[in-house]
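Here is the structure we will look at.
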Amino acid sequence: MSHDTIQQNKMRQDLSGHESVWLFGYGSLIYKADFPYLERRHARIRGWVRRFWQGSHDHRGTPQSPGRVVTLVPEPDAVCAGMAYRVSPEVFAHLDVREKNGYLRFTTDFAFADGDHADGLVYIAEQDNAAWLGPATAKQIARHIASSHGPSGANREYLLRLAESLRELGEEDPHVFAIERELRALDD
Ligand code: SIN
């Protein structure tokens, strides 16, 4: 699959005719909402875990030296917490560009903190995408993140802001927090 998923995403769902669409964010989309939204709610999706297994060529690294960012990996019964945004369909033109480095839109069920549910979209970079990096130890991932930079800034900022946002939501993520600990240990 090519690095650039803009054209594929445009054809994946027909959003015309929808007044608004729910989007689930589990990475930078939790803390960086650079798009207009109608509503924002703490939400969870089932069957996926957050992993720093995706390369970033366009935000937190470069094609020559990709950074590491999160994607979702299927895991039965796992629950991934994040932030859901209700947006107008036009917002996906911007989101498709932002998430173009291997992420495809999938439809999933969101559970909100008050027990409500809704169907919406989530961007996931699957294993067959050209920027996929795959598993590594928390220490290896922290070292990689510590040395990566891209047009959107330092890769460490992405990790630290994500960990902080999850704490603000009152959420535990052992994978993210272990990498954060290893990164801070490198600073000592
Ligand atoms: C997301 O935040 O939902 C997708 C991954 C990212 O942009 O960091």
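Assorted remarks:
- Solvent-accessible area, 1.4 Å probe, carbon plus sulfur percent, for region 6-183: 50 percent
- Each part reduced to its alpha carbon centroid, region 117-188 and region 20-52 end up 15 Å apart.
- Cα long-axis angle, helix 155-168 against the chain (0 to 90 degrees, to the nearest 10): 60 degrees
- Of all the options Thr62, Thr137, Thr108, the one that moves most in a Gaussian network model of the chain with Cα springs shorter than 10 angstrom is Thr137.
- Lys/Arg +1, Asp/Glu -1 at C-beta; region 109-188 dipole; positive extreme among Asn155, Pro174, Gly115: Asn155
- Considering every alpha-carbon pair of region 129-188, the percent of pairs per 5 Å bin, from zero through the bin containing the longest distance, is 4, 18, 26, 24, 19, 8, 1, 0.
- Excluding ligands, DNA and RNA, the accessible surface per residue across the chain is 48 Å² with a 1.4 Å probe.
- Counted by Cβ distance under 13 Å from Lys32, the other residues give a net charge of 0, where Lys and Arg count +1 and Asp and Glu count -1.
- When the inverse distances between all different Cα atoms of region 34-188 are averaged and flipped, the Kirkwood radius reads 16.2 angstrom.
- Nearby lysines by direct alpha-carbon distance to Lys100 (threshold 20 angstrom, same-chain neighbours under 8 apart not counted): Lys10, Lys32
- 5 angstrom amide H check on Gly150, placed H, neighbours 5+ away: Gly61, Asn155
- With the simple model of a label 7 Å out from the Cα in the direction of the Cβ, Asp116 to Arg40 spans 1.7 nm.
- The figure for Phe177 is an accessible area of roughly 20 square angstrom, using a 1.4 Å probe on the protein chains alone.
- Taking amide H atoms as placed 1.01 Å from N in the peptide plane, the amide H of Ala78 lies under 5 Å from those of Gly47, Trp48, each 5 or more residues away in sequence or on another chain.
- Computed over region 1-143: relative contact order in percent, which uses C-alpha pairs under 8 Å that are six or more apart: 34 percent
- Spin-label zone in region 1-36 - amide nitrogen under 20 Å from a point set 7 Å from the Cα of Asp128 along the C-beta vector: 1-13
The values are calculated or read from the model by the stated rules, or taken from the named source; none is laboratory data. Quantities reported herein were computed from a predicted structural model and do not represent experimental measurements. Glycine gets a Cβ as well: all are built from the backbone with ideal geometry, and neighbour counts include every protein chain shown. We work out accessible area using only protein heavy atoms, side chains counted, and drop any ligands, DNA or RNA first. Shrake-Rupley method; radii C 1.70, N 1.55, O 1.52, S 1.80 Å.
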